[in-house]
Structure formats: C-alpha cells, structure tokens
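Beneath this line is the structure, given in structure tokens, with notes to follow.
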Amino acid sequence: MNSLGPTGSRSFALVFLALAGFYVAGAEKFLHAQEQSNSAATGDRQAHGTKLSNAEKKTDEVKDPEVIDGTRYLALVKERRGKPLMVSFWATWCEPCRDEYPMVVDLARQYGEKRLSVIGVSLDEDAEAGLMRRFLARAVPGFPNYRKKPGNEEAFINRVNPKWSGALPATFFYSREGQLVTQIVGEAKRETFEAAIQKVIQTQ
Amino acid sequence: MKTQWHALIPAAFFLAAVACGQGPKVPVASVGIGGKLPAIQLTTVAGASDDLAHYAGKNGLVVIFVSTRCPYSNDYEMRMEELSHAAAQRGLGFVGVNANRTEPAEEVVEHSKTDHLTFTILKDANNRLADILGASFTPESYVFDQAGVLRYHGRIDDSRNAGNVSSHDLQGALDAVAAGRSVAPSETKAFGCTIKRIPGASSSGN
C-alpha cells in the first residue's frame, strides 16, 4: 500500500531527517540560524566570530532564573500589587512561544516599568535550562523571568488559574489589586495584546 | 548529496513555520467522562479508512493523541510503548492518534520506525476525533471500558522526566478499567504541545 517508491522514500527520509533535526535541536538551531543570518548581513567573517563570542558571553551572564512552584507564583503576583501586571508563560520547546516572545519584550519596553510590570515564566525542564539561558541571552527581555519547578504541571496550572488548560503560550493580565482581569491563550496579534494591556491599565 | 541537503533546508524551514501556527480554538468535547466511544473512521498510515472501534480489546481501548515533532510527546514514547504492552496484557486495545495537520502519514511511519514504536498510530484527518473528544495536547490520553464508555481522560503521568514520576495516572486507569473498578481521578489535566488543527475542518465534515 505504500505509494512511495525507493527514490520517493529516500527523498522523504531526507526531508524528514531535516525536519527532525530542526525540531530536536529546536530553539538551539533557531538561535544559531539567527546568529548566522545576522552575521551574513554584515558580510564579515570576523564580525561573525565576534558576534558568536558575544552571544556566548551574554549567555554566561544570564543567571539561572529562580525556580518557582504555584505558591511562589502567587506570591510574586502579590508582591507586584500597586501596578498592572502582565505574565508571559513560555517554553523553548514551544515554537509559537519563541515566535511570540520578542513581541512581549517589545511591549514591555513600550509600556515601561512605570505603567506595567512584566514577568516571564518558563516551563522548561532541567534538561532545557541551558537552552533557556541562551534564549534569554538573545532576547534580552529587560524583565524578570522565572522557571516552573519541573513536574506536576497540573498542580502548577491549577494554582495559577484552574480554568487555564495549560496551553502555551499563555499571557495573564492582573489589575493593580492583583486580580486576574483577562488572559490570552495561544498566539495572538499585537493588537490583542495592546487591548488587554489597555484594559488592565484602565482597571482600578 | 550535499546539494540535495541544501535544497531541503528551505522546505524544512517552510514546514516548520507551518507547524508552529496556532490552530483554531479547541471545541468543547461532545464526549466526556461517561460518554460513548465515537463511531468514527480514522485513516491508517497506509491510507485506508478503519473504524476506531476495531482497535478495542475485550476490556476496552486506550487512545493517546501523539505527535512526531513535539519534544514533550516524544519524551513519553518509551512510556507509551510500555503502556501499550500493559494494555494488551489487560485485554485493552491501544492506539495512538495523530491529528496534527503538519505531520503526514509518511512522517508518522518514519517516526515510528526511527523511535521503535510498535503500537498502531492512526491519522485523524480533519481532526474530527480530536474535536469530538476535545483533545488539546500531545500527549493526551483516553480510556474506554469494555462497553465503550469513557472512564479516564488526561495526562499519562505527572512528570515529563520519567525519573521523577510519582503519579502513574494512565496506568492506574487501565488497571482499574481492566479490573472493572471505577477510575479515580477520572480526569486530570494533560499537558504538552497543542494539536495543530485544520481550521474549520471538523464542522465541515470530510
């Protein structure tokens, strides 16, 4: 029943291996490709070397985010009362999260610490901690990031919000009083984020 | 050979980019705990239609939504393989269901070969089964009893890292169903990569 001939099988295997390589390496390759792309734009091999070493330096400078459980998460939200809060849940293994993160970083810069607190919470495992540090070094978020304590996602998700399925990326918006006002689960356009931010900023 | 690989890079990036897109919202399940196994035909990796019910054993059926590309799902593959054997020993059938629009049958076949998966994986074209069951993630599991009644829905266990598992939820559910006992808890939260649905496919039929 297999409709693939020997040549087709070989071609498919090549495509599959290419894809598998991309996914297995995930963000690692994505980041490296970005670095190569940036370097190619300069057309300067020397600059390429400098960029890579700078990226590596930056990775070394990124501290391990604090590992938190659900209770600590709620405490973090409480500590930030007095200002609207946006929380971005992400993971390096979640490609839509990687796509969305630069926009979150940009929104945090646009609204500034005076008007909006922002924190990130990674759901990466211990084995992905290095990748996560490298991702943060590249993203330069400018806001604190934390990492969920590995294991028992259900308990953590239910502490954050029992109505949340756990789907990533997810962004939660809290009022100045620390009340959850709205949330965005899954990818969304910048306008959707802006509307949610405006809503939470205007909530008294 | 080198030229061929270079030629494949844009294709790989294109497919990866397609794969990352957010699918439509997950429909509310029309079959929940206590509901009946849907009378639905899925597609074998060889392209033939087959009733899902044909895969049930005398004591029921385990259905797990799986992925070829999701690191989270892939970390569970060895456990899925072990659970498929445990299910068989207890008289339950066991099928993986791939509902991702981004992962064609040929890729499922290659992936099973590469990762030494021996349990059957069916394609859920147009994510009809995923929509009926309200499945969101890979992996996400369902256990139906001998009468085709859904007795368990949720995670496989409580840790992606196999070394840190403390709650073997799916194993407990299939043990209970095989023994004719009630499953507790009957529902847990699954977690993993989201299923890459075809927008509007399920409601528009085949």
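A short reminder: the numbers here are calculations on the coordinates, not readings from a lab. Keep in mind it's a predicted model, so treat the numbers as computed, not measured. FYI the Cβ positions are ideal-geometry reconstructions off the backbone, even for glycines, and counts take in every protein chain you see.
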Which value at 222 nm does chain B reach when only helices count, each DSSP H run of 4 or more adding -39,500 (n - 2.57), with the total divided by all residues and rounded to the nearest 500 deg cm²/dmol? -8500 deg cm²/dmol
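What shape does the range B:64-186 have by the C-alpha gyration tensor, where a ≥ b ≥ c are the square roots of the eigenvalues, rounded means a/c under 1.5, and otherwise prolate means a/b greater than b/c and oblate the rest?
Working: a/c = 1.64, a/b = 1.35, b/c = 1.22.
Taking the square roots of the gyration eigenvalues as a ≥ b ≥ c, the range B:64-186 is prolate.
Quick check: residue separation of B:A147 and B:S166 times 0.36 nm, minus the Cα distance between them. What number comes out in nm?
On the way: separation 19, 0.36 × 19 = 6.84 nm, distance 3.00 nm.
Computed gain between B:A147 and B:S166 is 3.8 nm.
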Label point distance in nm, B:A184-A:V67, each placed 7 Å from Cα along Cα→Cβ: 3.2 nm
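Can you classify the range A:65-111 as rounded, prolate or oblate using the Cα gyration tensor, where a ≥ b ≥ c are the square roots of its eigenvalues, rounded means a/c under 1.5, and otherwise it's prolate if a/b beats b/c and oblate if not? Don't skip to the answer; put the middle values down first.
Values: a/c = 3.10, a/b = 1.26, b/c = 2.46.
Note, shape of the range A:65-111 comes out oblate.
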For the modelled label position 7 Å from the Cα of A:A188 along Cα-to-Cβ, which residues of the range A:84-105 have backbone nitrogen atoms closer than 19 Å? A:84-91, A:95-105
Sticking with the crude label model, points 7 Å out along Cα→Cβ, report the distance from A:Q198 to B:M78 in nm, one decimal please. 5.2 nm
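Give me the dipole magnitude in Debye, nearest 20, for the range A:66-202 about the Cα centre, with unit charges on the beta carbon: positive for Lys and Arg, negative for Asp and Glu. Walk me through the numbers on the way to the answer.
Numbers: 21 positive and 18 negative charges, 125 e Å.
Computed charge dipole of the range A:66-202: roughly 600 debye.
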Where only C-alpha atoms are counted, convex hull volume of chain B per residue in Å³: 126 Å³
